[in-house]
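Heads up, the thing below is written out as structure tokens.
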């Protein structure tokens, strides 16, 4: 397992590369050009700038999260061809600097949804929280205002320039069904996977967060059966999954350990995080410690060890601890603690495996 840490850039993150390099076992950053609008071709000079910054800190840039997919591609509009060509050119450029994995998603309009970015927990820390009844009742425009008012740092998937067109986006999606979305995803994969394969880059789709429809918008990357269907859309080792235990774990019916074993050879990238799901469907993001949530993090790490996972992982979201001022979900302290918990479980699995092979 190769451990990474998501980084938003020197002027867009409270966490520095010097901080990241001090976390034991972290060998690379998980990065993106967050100022680039979805659908635009990435400039080589900006890519090289990130590569050089990471190299000076002794970190690799093997994983990009995300090269965002333009809404016209998800909608299947004729204009998608321009944005798909830009996507291909970006893949080719990223290959030139050694990128191995590109994480992306195919969620209409919203990349993820929470109702509170800093819900206070019993110990005084705060975390991202999803209150199901509020999502059912709230106007999506009100939610957008609430999310973008909470931080000076842009939230991934909630970029103001894109969400400024919310009215037209909802109008465009009003007749789009799940089957339409599947068809448009298949078209996209058939266009880009051959390019990714030529350049030895694995594409890794991120599950929908949360894994169910919201605001009447279809969502399709939600569980084991749909992941199975997704992988068959374009059966290639370069068409893979970013297996996110937090997104999928919001639905307790999802068997994440079973997914790790079934899709073992199609998981180039893993997000490992915990959530606590309540009986009414609410959930809050907790520490990575298994006992603190409802996701079996220890069992998940053991499953990755069992399959000989050599891909990339990151701790994903964390709580906000000790007064840290940071992008919601993306502070330094709890994600670093999470990494050490994950390594502890991994090291224990290594020790057990060593004992089993001794005569």
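The values are calculated or read from the model by the stated rules, or taken from the named source; none is laboratory data. It should be emphasised that the depicted structure is a prediction, and the values quoted were computed from it without experimental measurement. When we count neighbours, we look across all protein chains shown, and the Cβ atoms used for this are built from the backbone with ideal geometry, even at glycine.
Assorted remarks:
- Residue satisfying all of: in the range 271-283; under 18 Å from residue 337 (Cα atoms) and touching a residue at least 60 places away in the same chain (Cβ under 8 Å); surrounded by the fewest Cβ atoms within 10 Å (Cβ to Cβ) among these: 271
- Residue in the range 294-322 that is surrounded by the most Cβ atoms within 10 Å (Cβ to Cβ), counting only those that are at pLDDT 95 or above and at positive phi: 322
- Qualifying helices (runs of 4 or more DSSP H) (wholly inside the range 1-79; at least 2 residues being more than 18 Å from the chain's Cα centre (by Cα) and within 28 Å of residue 107 (Cβ to Cβ)): 44-56, 71-75
- Candidate set: the range 117-136, residues that are touching a helix residue (DSSP H, G or I) at 6+ places or on another chain (Cβ under 9 Å) and under 14 Å from residue 286 (Cα atoms); chosen: the one surrounded by the most Cβ atoms within 10 Å (Cβ to Cβ): 127
- Verdict on residue 288 being in contact with a strand residue (DSSP E or B) (Cβ under 9 Å, 6 or more places away or on another chain), surrounded by 24 or more Cβ atoms within 10 Å (Cβ to Cβ) and part of a loop (DSSP other than H, G, I, E, B): no
- When the residues of the range 244-284 are filtered to those that are in contact with a strand residue (DSSP E or B) (Cβ under 8 Å, 6 or more places away or on another chain) and assigned to a helix (DSSP H, G or I), the one that is nearest to residue 219 (Cα to Cα) is 247.
- Residue in the range 78-96 that is out of contact with any helix residue (DSSP H, G or I) (no Cβ under 7 Å at 6 or more places or on another chain), surrounded by 14 or more Cβ atoms within 10 Å (Cβ to Cβ) and under 20 Å from residue 244 (Cβ atoms) present: no
- The set of residues in the range 47-60 that are surrounded by 14 or more Cβ atoms within 10 Å (Cβ to Cβ) and either free of Cβ contacts under 8 Å to residues at least 24 places away in the same chain or in contact with a strand residue (DSSP E or B) (Cβ under 6 Å, 6 or more places away or on another chain) (or both) comprises 49, 50, 51, 54, 59, 60.
- Residue within the range 190-199 that is farther than 19 Å from residue 67 by Cα and modelled with pLDDT of 95 or more present: no
- Within the range 213-239, considering residues that are under 30 Å from residue 200 (Cβ atoms) and touching a residue at least 60 places away in the same chain (Cβ under 8 Å), the one farthest from the chain's Cα centre (by Cα): 220
- If the condition is being assigned to a helix (DSSP H, G or I) and either in contact with a strand residue (DSSP E or B) (Cβ under 7 Å, 6 or more places away or on another chain) or surrounded by 18 or more Cβ atoms within 10 Å (Cβ to Cβ) (or both), then the range 216-232 contributes 227, 230, 231.
- For the range 163-186, a residue qualifies if it is in contact with a helix residue (DSSP H, G or I) (Cβ under 8 Å, 6 or more places away or on another chain) and closer than 30 Å to residue 94 by Cα, and the qualifying residues are 163, 169, 181, 182, 184, 185, 186.
- Only residues that are assigned to a loop (DSSP other than H, G, I, E, B) and surrounded by fewer than 20 Cβ atoms within 10 Å (Cβ to Cβ) were counted across the range 189-215, and they come to 5.
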